[in-house]
Amino acid sequence: MFSRARWRLTLSFAGVLALIIVLMGAAVLYTGRRVLFDQVNDDLTARAERESRPLAERLLQRIRNGDTPAGVDIGPAFTAGGYFYAVTNATGDVIGSTANADPAGLADQATVEKALENGPAFIDTDSSDGDQLRVYLVPLAGQRQQPRFVLQVGRSTEPERDALRRLTFVLAAGGAGGLVLALGAGFWLAGRALRPIQAAMDRQRAFVADASHELRTPLSLIRANAELLQRGRDSPVSANIASVDDIIGETDRLTGLVGQMLTLARSDAGESTVQMALLDLHALAEDIAREMRLLAEPKRIALEVQPGTAVYVAGDETRLRELITIMLDNAIKYSDAGAGPVNMRVERNGTNAILRVGDAGRGIPPEALPQIFDRFYRADKSRSRDVGGAGLGLAIAKWIVEAHKGTIAIDSEPGRGTVVTVELPAHP
């Protein structure tokens, strides 16, 4: 799915870029053509203006003298740049031209007549060699009753067209190269853009798979005990009280698991909020420790809170209570019976409030620490069900800490215990 999406994004990006390149290339070619041919037109116009009046006077003088107009001198003595000059009568016959004028490239009779009627005009013609020419036609001034003549000034436009062809090639090659680079860059950028989405989808699939696995076991036990009760429906409940206790225990476990999953789902959706209020973190920790001693006593584990002064923070009491409970619960659960004490300390360090819980339990292997805050991750999967853990507690703890703009860190060594440290912004 992500591979197809990546290619769709890449091709869409390349298509848009190709359209932009084509439009920009067309604009550059159009502008370049206009500039080049406007320059040609300006040159032809200037030359025609310089030549038309002297030529008209020479023609008028020859007519007044009774001479034929044919053979009239035309154009400068030296025509640099390939410019040619010719003068034609109303029927399109050439009556004078420079030596480099190609009759095949001059205007025909219909074009001459149109110029005599409508005024100066530019036309494109082809020489006998196949070169493209630009010719400027200018009717020569004279009395209405006298013969009318048209001056034609032109030159080859092959240099301009060759420049446009080279420009087209450069634009096409550059555009193709840019498009290839854009495809590569677009594919890479699409991959980077989709990576967080893919990671989120992978986490969601893993979450669903892990949740299904966690739910399957208690549901199977509930069903098995329910079937046992069904088979012994004629027996008193007291005869199957163990099955009833198992059903209640697994139901409690499911309730807690669903509650944790709901908390994380709401946090992912941004629906969980924290209600900030000023509170004494040290007093809160002592209160929770008093309640948690009921869980520590059966395992002969001492739960100690180091003495200290009040440390105030702005936080959500319910969420912080849940955070401290998770930290103490993990410390007790993953400590063997009769192990060393669980110590909790609350102190202020500059602008931060420090909450630290240490135990003398089994510890966490170094390779497990990078994933310890992942959902459903458990360092010791073989014993997790025995202690009732689903692997969501630390994920919830991390979310609570981050919601309070704090940090949480774990320092652990197998066989020597674990220390969990939370830093929260202290109230001034």
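The values are calculated or read from the model by the stated rules, or taken from the named source; none is laboratory data. Worth saying up front: this structure is predicted, and the values here are computed from it rather than measured. We place every Cβ from the backbone using ideal geometry, glycine too, and count neighbours over all the protein chains shown. Areas reflect the complete protein model, heavy atoms only, side chains present, ligands, DNA and RNA absent. Shrake-Rupley method; radii C 1.70, N 1.55, O 1.52, S 1.80 Å.
Protein heavy-atom accessible surface, 1.4 Å probe, per residue over the chain: 56 Å².
Each residue, residue 309 and residue 3, gets one label point 7 Å from its Cα in the Cβ direction; the gap between the two is 6.5 nm. Taking the square roots of 5 times each eigenvalue of the Cα gyration tensor of segment 239-303, largest first, gives ellipsoid semi-axes of 30, 24, 8 Å. Computed from the coordinates I sent, Kirkwood radius over Cα pairs in Å equals one of (1) 21.3; (2) 31.0; (3) 25.9. Tell me the label. Recomputing Kirkwood radius over Cα pairs in Å here gives the entry labelled (2). Charge tally for residue 81 (other residues, Cβ to Cβ under 10 Å; Lys, Arg +1; Asp, Glu -1): +1. Measuring max minus min along each principal axis, the C-alpha atoms of segment 117-199 give extents of 91, 28, 12 Å (largest first). For the chain, lysine pairs separated by 8 or more sequence positions, or belonging to different chains, with Cα-Cα distances below 24 Å total 5. With contacts taken as Cα pairs under 8 Å at a separation of at least 6 residues, the chain carries a relative contact order of 11 percent.
Over the chain, dividing the summed -39,500 (n - 2.57) contributions of all DSSP H runs of at least 4 residues by the number of residues returns a 222 nm mean residue ellipticity of -19000 deg cm²/dmol. Residues whose amide H comes within less than 5 Å of that of residue 348, counting only those at least five positions distant or on another chain, are 354 (H built at 1.01 Å from N in the peptide plane). Give me the percent of the accessible area of segment 188-266 that comes from carbon and sulfur atoms, probe 1.4 Å, all protein chains in place. Roughly 60 percent of what the probe reaches on segment 188-266 is carbon or sulfur.
Using the beta-carbon distance between residue 110 and residue 173 and R0 = 35 Å, what value does 1/(1 + (r/R0)^6) give for FRET efficiency, to the nearest 0.05? In this case the efficiency is close to 0.25.
Taking 7 Å steps out from each Cα toward its Cβ at residue 43 and residue 229 produces label points 10.4 nm apart. Looking only at 216, 53, 378, which one moves most when the chain is put into a Gaussian network model with springs between Cα atoms under 10 Å? Largest GNM mean-square fluctuation: 53.
Distances between placed amide hydrogens fall under 5 Å for residue 426 paired with 352, 353, all partners being 5 or more residues away or on another chain. For residue 157, the amide hydrogen comes within under 5 Å of the amide hydrogens of 132, 133, 134, counting only partners 5 or more places away or on other chains and with H modelled in the peptide plane.
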